[in-house]
Amino acid sequence: MFGWGVLKGMLVTLWNFLLTYLWPKKGIFTVQYPEKKLPLAQRYRNFPFLVYDGTPHMIRCVACKICESECPPKCIYIIPEKDAEGRVQKKPAVFDIDYAICMNCGLCEEVCPFDSIFMDHEYEISKYNRAEDLMVRKEALLKPWEYFAKIRPHDFERIEAKRAAKSAKAKPVAPAEKPSQKPDAGPTSPQQGSVPKNG
Amino acid sequence: MAETIDQIFVLAKDRFLDLLGIVLPDWIILLVRILISIAVLLAVAPVVMMYMTWLERKVLGRIQNRYGPNRVGIFGLLQPIADGIKMLTKEDIVPKNADQVIHFLAPVVIVIAPLLVLAVLPFGRNMIAADLNVGLLFFLGVSTFGVIALFMGSWASRNKYSLLGGMRAFAQMISYEIPMVLSVVPVILVTSSLSTAAIVEAQLGWKWFIFTPWGGFAALVFFLCGVAEVNRTPFDLPEAESEIVAGFHTEYSGMKFALFYMAEFISTFAISGLAVTLFLGGWDGPAFLPSWFWFGLKTFILILIMIWFRGTLPRFRVDQLMGFAWKVFLPFTLANIFIAALWALLPYPKNFIADTIGITVILTLLQIFNRKETPKKRKYLYAN
Ligand code: SF4
Ligand code: SF4
């Protein structure tokens, strides 16, 4: 009959309208954002951050610059630290990531042989000034290893197991150096070997 | 007591004029008496418009399983005011090649028509700004005038989408104006009056015209034509977002854009009010609540139905739109005049039978003449 389809459609919308009042749980899908947030998936990725063990001085990054050269839009900038005699240290003096340019690809996390840069879950990072505020310095990038365990427990377990195996292998070679800095186990040659394992 | 509440606005106006009469001469009082009604309408109309946008967004939101505005004020009640401030602070862009004067004039002119027609709506017992004896004719004539402003805007913008929107608006308005006026004719015929107040008085005591056979169908046709007149979905071809950007108001921004919306919403209100006046008994209702409340309630329900349409129905195609007006509404309303005349002439049981027969006949004829012609399936004698 003419008009029957219209009536049926009107009933559908009426039902949805009433449902939002009668049974809001079923009827309304809105998540009222600033008050309520959806839980993020573990594999959610946003912007990279740097990991430290214990205190912020024990930064894992050895300033090997692999991530800097791999980053597709070239938004990482690293200057290694130098000691009094001008020798390059295994520590970054400057580590900047330009969040305005970073495209959240996660390649830096994948290529880092020392498990020191990871993708974060932080997404409320809007700023007033693009040039200054979104250029994130080393101090702001540093977050503890426990934080990583909190946001991505599965990856944490996997990486912990891998690192434990690696340090067990490295122990006979350099037992004395272990407490100071883990990446010392293989600064130059083992680094080459560990890249494929990671990628 | 109920009488006082019913007449509260009228009494307040009289009291105010009495107070003024102590100090001012008579002719000024006469002028003020007229101006008060105008001032009240001019003040109330934008508020009604603002809260209609709020209502529309709320109801549409609920229909689409979300909340609608709920951030500004409790239940988002301050949202229209926030929107108004936003509209006022927006940049006013006029295209370089536009006809500057007409482009500026169109949004100003377009709100005049809906504001004017509010004058002849009886909002309650004795609550009519101007009880013209040709009130209905005035309403129909002036409300059509809005389409000229609309076309001014679309022509002056010098934009192909605007022009297309304006053309569509013209075609649509002219097509739907005819069945709309024809659907009103039976009411005039039965009440033998063009005054809106007299039409309401003829329906007092539950003799609403929607309960008569001809009135029910005329009300439906009038309401649908009204929806088409004010360019609301499913008849919103002149501003079809998905086809022609925003139609006639593509080139408008800021407050001018808001004025187009104001015109649309106030005419929605006015058309609903007229439908209530003509077919739903106007301010008639059980006496325990004031008459203006009943008028408001019925208008509110009609507006809700329009919003409900918008939340449900997709847009018509141009040919469907035209076909609807010329092939269904026009013949039906023409026949309806005759049916209403039968109702007015014959005594009670006979007129009901005559009307039922008449409506059945016209609906059947419409069904027959409007049926889809599907060509017969071809028989291939020598193929395969
Ligand atoms: S996520 Fe991609 S773009 Fe961002 S810093 Fe890492 S490698 Fe560069
Ligand atoms: S790849 Fe890892 S260790 Fe090397 S510079 Fe980047 S973050 Fe530091």
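The values are calculated or read from the model by the stated rules, or taken from the named source; none is laboratory data. Here the structure is a predicted model, which is why all the values come from computation and not from measurement. Because the Cβ atoms are built from the backbone with ideal geometry, glycine has one as well, and the counts that use them run over all protein chains shown. Ligands, DNA and RNA are excluded from the accessible area calculation, which covers all protein heavy atoms including side chains. Shrake-Rupley method; radii C 1.70, N 1.55, O 1.52, S 1.80 Å.
Tabulated values for the structure
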{"read-out": "Centre separation in Å (Cα based) which lies between the stretch B:298-365 and the stretch B:138-214", "value": "15 Å"}
{"read-out": "Positive-end extreme of charge dipole, the stretch B:63-116 - chosen from B:Ala82, B:Pro107, B:Asn65 (charges on Cβ)", "value": "B:Asn65"}
{"read-out": "Within 10 Å of each Cβ in B:298-309, the average number of Cβ atoms from other chains", "value": "1"}
{"read-out": "The stretch A:52-118: mean projected area of Cα convex hull, nm²", "value": "4.7 nm²"}
{"read-out": "Lysines with Cα under 17 Å of B:Lys160, excluding same-chain neighbours fewer than 8 positions away", "value": "B:Lys96"}
{"read-out": "Burial ranking of peptide ranges B:265-272, A:11-18, B:219-226 (average Cβ count within 10 Å, highest at the top)", "value": "B:265-272, B:219-226, A:11-18"}
{"read-out": "Peptides ranked, highest mean first, by Cβ atoms within 10 Å: ranges B:235-245, B:341-351", "value": "B:235-245, B:341-351"}
{"read-out": "In the A-B interface, the accessible area buried, summed over both sides, Å² (probe 1.4 Å)", "value": "1500 Å²"}
{"read-out": "For the stretch B:347-353, 3J(HN,Hα) per residue [Karplus equation, 6.51 cos²θ - 1.76 cosθ + 1.60, θ = phi - 60°, Hz, x = Gly/Pro]", "value": "x, 3, x, 5, 5, 5, 5"}
{"read-out": "For the stretch A:48-168, accessible area per residue (1.4 Å probe, heavy atoms of protein chains only), Å²", "value": "53 Å²"}
{"read-out": "Other protein chain Cβ atoms within 10 Å, averaged over every residue that makes up B:311-320", "value": "2"}
{"read-out": "C-alpha center-to-center spacing [the stretch A:27-46, the stretch B:65-118] in angstrom", "value": "33 Å"}
{"read-out": "Reachable lysines from A:Lys25, criterion Cα separation under 19 angstrom, eight or more residues apart if same chain", "value": "A:Lys36, A:Lys37, B:Lys58"}
{"read-out": "With eigenvalues of the C-alpha gyration tensor scaled by 5 and rooted, the stretch A:48-168, Å", "value": "22, 20, 13"}
{"read-out": "Cα gyration tensor shape for the stretch B:74-171, rounded if a/c is under 1.5, else prolate or oblate", "value": "oblate"}
{"read-out": "Per-peptide average of other Cβ atoms within 10 Å, ordering B:139-152, A:126-139 highest first", "value": "B:139-152, A:126-139"}
{"read-out": "Average projection area in nm² (convex hull over Cα atoms of the protein assembly as shown, one quarter of hull surface)", "value": "48.3 nm²"}
{"read-out": "Positive-end extreme of charge dipole, chain B - chosen from B:Leu55, B:Val142, B:Gly282 (charges on Cβ)", "value": "B:Leu55"}
{"read-out": "Count of Lys pairs (Cα-Cα under 17 Å; at least 8 positions apart or interchain) in the stretch A:48-168", "value": "12"}
{"read-out": "More than 34 Å apart - percent of Cα-Cα pairs taken over chain B", "value": "36 percent"}
{"read-out": "Over chain B: helical MRE at 222 nm, DSSP H runs n ≥ 4 each giving -39500 (n - 2.57), nearest 500", "value": "-23000 deg cm²/dmol"}
{"read-out": "Size of charge dipole - the stretch B:252-321 - debye, nearest 20, with Cβ of Lys, Arg +1 and Asp, Glu -1, no other charges", "value": "220 debye"}
{"read-out": "Per-residue mean of C-beta atoms belonging to partner chains within 10 Å, peptide B:64-72", "value": "4"}
{"read-out": "Dimensions (Å) - the stretch B:134-212, Cα atoms, principal axes, largest first", "value": "53, 21, 17"}
{"read-out": "Reach of B:Lys207 by Cα under 20 Å, taken over lysines that are not fewer than 8 positions away in the same chain", "value": "B:Lys298, B:Lys350"}
